[in-house]
Amino acid sequence: MNGTITVVGLGSGDADQLTLGVWRRLQAAERIYVRTKKHPVMRLFGEHGLSYMSFDYLYEQADSFPDVYEAIAAELIRLAKAPALSGGSPEAGNPRGHAVETGSDVAGCASSGLIYAVPGHPMVAERTVQLLRERCADQGIGLHILGGESFLDQAFVRLGFDPIEGFQLLDASELAPSLLQPRLHTVIGQVYDVFAASDVKLSLMEKYPDDHPVVIGHALGVEGEERIVRMPLYELDRDHGFGNLSLVWVPRSTDAALQNRSFDRLHEIVGILRSPEGCPWDREQTHQSIRKNFIEETYEAIEAIDNDDPTGMQEEFGDVILQVMLHSQMEEEIGTFSVYDVIQTLNEKLLFRHPHVFGDAGAGNAGEALRNWEQMKAEEKRRKGIDQDRKSVLDGIPKDLPAVMRAYELQKKAAKVGFDWDDLGPVLAKVEEEIAELREAIATADKDEQAIELGDLLFAAVNVSRFIGADPEEALSRTNAKFRRRFGYIEEQLRLKGKTFDQTDLQEMDGWWEEAKRES
């Protein structure tokens, strides 16, 4: 054994919060190191003449808090291995860290062991203690923890909430909107300064309205220093009293508007709709009965995109998600998979197919990124045991795609293996050839043959779009929109002249059509 580190908690504020066991341990210690001397209990050290060394100097030397904690842990391990100096005073040097073993009996620790004192409880929001727990055993160092009152004890008392109602403790430096759960009381610690408070505010605003009530607690339980401030969220970083004893509390809320911003609430609602007590219509639906709804909702979402309509997109995207939720709920009810399995599969696919983002591969442009995607996609199939040698090059294109889109995808896949012309000339010649064959079919009055030749012409036209770099579906959609606008102009002219279509002719309408072309 190379030595012993005993970690003790100094409590969250006043000396009255220091436990008798910790105080006795401190009085008997030969070497005391404290993470910071910026703590109310340190006045007690001075009053009783306890010698100690602090790691405050590391906060000034390091570039970040993680660097500080790493330095403290490394220094504590070094100090634990070094022999204690005579006279009961800590050795000079650069202390750097603290260690802990939860539930250990410190009664038998040698008096020459190193004491590391931290604010609050050693196992609450103390990264240095976690680092020591991870490393001391490998270094042959004994690690012991003696608890103390944490800042949470004072938070429960001074802020007046019971954690059994639902509670989460989060670190301001690692706060992410995905961690926030409005149904739970949320205490955010490590809000050291106004910059940390600003980051907290921005994260909270992802889930809560700007005017949502929040509470700042400064030095809770410390006589003469405690300050509790209630304010709307948007003012959070306007308070300039933040320090190492500050926290933010967001009370739990049952506000439906907040709950409705969560994915879990959507899952819950869809489950209720499909339950025996839910909606009779929703309960009766099957994959096949609402299959067409999926298609319709997708096209409505595409229309909102084409119209550049943010409000429409917001609503229509929701309708598409609802279809995914309903189909997933049906499978969840029979135990095959849930929507969370769908999300897991998607996340894993995105991570796997983007090695240039989440791995070691590189991609300097979109083309390289696409090649990575295709390579990883092929690797996925290999791992699933899909024999690529027995598959058609044209597999993987949904048969229910609109015909124009399906033609485009078929041609792209064939082109990848060299089944393609080298330039546009032969492609245009093929269009002319198909027009001639369509004329011949029309002359025969064979309707089936005419349809076949028309299909060949359309297929050839799609090939032209590929060669000129235009998506045929988008091109045709633009032409459809253009036709609608110009035809609308004709309808408007009829309305202005008090006419109906029965009261006009093709020549007059063609004139208005030309006017519409000039104006568009």
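The values are calculated or read from the model by the stated rules, or taken from the named source; none is laboratory data. The structure presented is a predicted model; accordingly, all values stated were derived computationally and were not measured. Using ideal geometry, Cβ is built from the backbone for each residue, glycine included, and neighbour counts are taken over all protein chains shown.
Considering GLY21, GLY13, GLY9, the condition of being under 45 Å from the mean Cα position of the chain (by Cα), under 18 Å from ILE72 (Cβ atoms) and touching a residue at least 12 places away in the same chain (Cβ under 8 Å) is satisfied by GLY9 alone. For segment 498-514, give me each residue that is loosely packed, with under 11 Cβ neighbours inside 10 Å and not in a helix (DSSP H, G or I). Residues satisfying the conditions are GLY498, THR500, ASP505. One residue stands out in segment 138-186 among those that are among the β-branched types (Val, Ile, Thr) and over 19 Å from ALA197 (Cβ atoms): the one that is farthest from the chain's Cα centre (by Cα), namely ILE141.
Can you name every residue in segment 1-30 that is of a type in the set (Gly, Ala, Ser), farther than 29 Å from ALA82 by Cα and surrounded by fewer than 22 Cβ atoms within 10 Å (Cβ to Cβ)?
Answer for segment 1-30, where residues must be of a type in the set (Gly, Ala, Ser), farther than 29 Å from ALA82 by Cα and surrounded by fewer than 22 Cβ atoms within 10 Å (Cβ to Cβ): just ALA15.
Does ALA470 satisfy being in a loop (DSSP other than H, G, I, E, B) and within 47 Å of the chain's Cα centre (by Cα)? Answer is yes for this residue. Looking across segment 243-276 at every residue that is under 25 Å from ALA196 (Cβ atoms) and more than 28 Å from the chain's Cα centre (by Cα), the one that is surrounded by the most Cβ atoms within 10 Å (Cβ to Cβ) is identified as LEU245. Residues in segment 390-420 that are hydrophobic (A, V, I, L, M, F, W, C), in contact (Cβ under 8 Å) with a residue 24 or more places away in the chain and not in a helix (DSSP H, G or I): VAL393, VAL417. When GLY367 is tested against (1) in a helix (DSSP H, G or I); (2) loosely packed, with under 12 Cβ neighbours inside 10 Å; (3) within 23 Å of the chain's Cα centre (by Cα), exactly one condition is not met: (3).
Within segment 234-274, the set of residues being among the hydroxyl-bearing types (Ser, Thr, Tyr) and either in a loop (DSSP other than H, G, I, E, B) or not assigned by TED's automatic domain parsing to the domain that holds ALA219 (or both) comprises SER253, THR254, SER262.
A quick yes/no check of all residues on (1) farther than 29 Å from GLU300 by Cα; (2) assigned by TED's automatic domain parsing to the domain that holds ASP306; (3) modelled with pLDDT of 90 or more; (4) surrounded by 17 or more Cβ atoms within 10 Å (Cβ to Cβ):
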site	(1), (2), (3), (4)
ARG390	yes, no, no, no
LYS413	no, no, no, no
VAL417	yes, no, no, no
GLU432	yes, no, yes, no
ARG466	no, no, yes, yes
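Which strands (runs of 3 or more DSSP E) sit wholly inside segment 125-232 and have at least 3 residues that are in contact with a helix residue (DSSP H, G or I) (Cβ under 9 Å, 6 or more places away or on another chain) and closer than 30 Å to LEU79 by Cβ?
On the way: elements: 141-146, 167-171, 185-189, 213-218, 227-232.
Where strands (runs of 3 or more DSSP E) fall fully within segment 125-232 and carry at least 3 residues being in contact with a helix residue (DSSP H, G or I) (Cβ under 9 Å, 6 or more places away or on another chain) and closer than 30 Å to LEU79 by Cβ, they are 141-146.
Residues in segment 279-331 that are within 29 Å of the chain's Cα centre (by Cα) and not in a helix (DSSP H, G or I): 3 in all. If you filter segment 31-47 down to residues that are under 16 Å from GLU225 (Cβ atoms) and of a type outside the set (Lys, Arg), you find that the one that is surrounded by the most Cβ atoms within 10 Å (Cβ to Cβ) is VAL41.
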